[in-house]
1. Here are some conditions: (1) modelled with pLDDT under 90; (2) open to solvent by less than 30 Å² (accessible area, probe 1.4 Å). ALA110 meets all but one. Which one does it not meet?
2. In region 66-81, which residue that is over 18 Å from ASP146 (Cβ atoms) and of a type in the set (A, V, I, L, M) is surrounded by the most Cβ atoms within 10 Å (Cβ to Cβ)?
3. Got a number for residues in region 121-131 being open to solvent by 80 Å² or more (accessible area, probe 1.4 Å) and at pLDDT 85 or above?
4. For ARG84, indicate whether it is open to solvent by less than 100 Å² (accessible area, probe 1.4 Å), of a type in the set (Lys, Arg) and at pLDDT 80 or above.
5. What's the total number of residues in region 51-65 that are within 10 Å of ARG144 (Cα to Cα) and at pLDDT 90 or above?
6. Check whether at least one residue in region 58-66 is part of a loop (DSSP other than H, G, I, E, B) and of a type outside the set (Gly, Ala, Ser), and report yes or no.
7. Restricting to region 47-61, give me the number of residues that are on the phi < 0 side of the Ramachandran plot and more than 22 Å from the chain's Cα centre (by Cα).
Amino acid sequence: MKRAQLLAGFSIAAIALAFPAMSDAPKAPPSEPVHVPYEKTCQDRQITVYFSKYESILSSYAVRSLNTAGDELAGCAVTDIQARVVSADAADNSEAANLSEARAAVVLEALNARGIRARDIHTDFVPAHLANPSEDLTVPMARRVDLTVKASTSYGL
């Protein structure tokens, strides 16, 4: 009887030791870094820049998004920039219209500083109540510049 119990105990221990070998543990990472080739794609980009109330200064988030766009579009031929300025109070008075123009100018200057230049630049000033009539716009969302940047692959000399 003791012999059968001892044999059963060893069998259970052998099975238990075999389980870690059959586990789904991940493999060890490679010892050398793997090189993944980077393929540059020049695609059209949608960029939205939001502003604080009555300001035309780029926030740190806006600067980061413009820097990212500049990095992604480096080496691409930008053919067209469509800027759509939505202002919460652009239809109210000339001060608000001047603010909308200043916001568009700041964003376009920032793109120019990052090397994003286009032959054609179109700017549309849209009052907030006409921007998206189907949506309920909150006031912070109605102070923005929507950019559509059309890019294609550039062929250097």
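The values are calculated or read from the model by the stated rules, or taken from the named source; none is laboratory data. Keep in mind it's a predicted model, so treat the numbers as computed, not measured. Please note: Cβ atoms are built from the backbone with ideal geometry, for glycine as well, and neighbour counts cover all protein chains shown. When the accessible area is computed, the model is the full protein with side chains, heavy atoms only, and any ligands, DNA or RNA have been set aside. Shrake-Rupley method; radii C 1.70, N 1.55, O 1.52, S 1.80 Å.
1. Single failed check for ALA110: (1).
2. Residue satisfying both the conditions and the ranking: ALA77.
3. Going residue by residue through region 121-131, those that are open to solvent by 80 Å² or more (accessible area, probe 1.4 Å) are 121-122, 125, 129-130.
Keeping just the survivors that are at pLDDT 85 or above gives 121-122.
Result for region 121-131: 2.
4. On the way: open to solvent by less than 100 Å² (accessible area, probe 1.4 Å): yes; of a type in the set (Lys, Arg): yes; at pLDDT 80 or above: yes.
The answer is yes for ARG84.
5. Residues in region 51-65 being within 10 Å of ARG144 (Cα to Cα) and at pLDDT 90 or above: 0 in total.
6. Going residue by residue through region 58-66, those that are part of a loop (DSSP other than H, G, I, E, B) are 58-59.
Now narrow it down to the ones that are of a type outside the set (Gly, Ala, Ser): 58.
Yes: one or more hits.
7. Total meeting the criteria: 2.
The rows are residues; the columns are (1) open to solvent by less than 100 Å² (accessible area, probe 1.4 Å); (2) basic (Lys, Arg); (3) at pLDDT below 70.
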{"position": "ARG3", "(1), (2), (3)": "no, yes, no"}
{"position": "ALA13", "(1), (2), (3)": "yes, no, yes"}
{"position": "ALA18", "(1), (2), (3)": "yes, no, yes"}
{"position": "ALA21", "(1), (2), (3)": "yes, no, yes"}
{"position": "PRO30", "(1), (2), (3)": "yes, no, no"}
{"position": "HIS35", "(1), (2), (3)": "no, no, no"}
{"position": "GLU39", "(1), (2), (3)": "no, no, yes"}
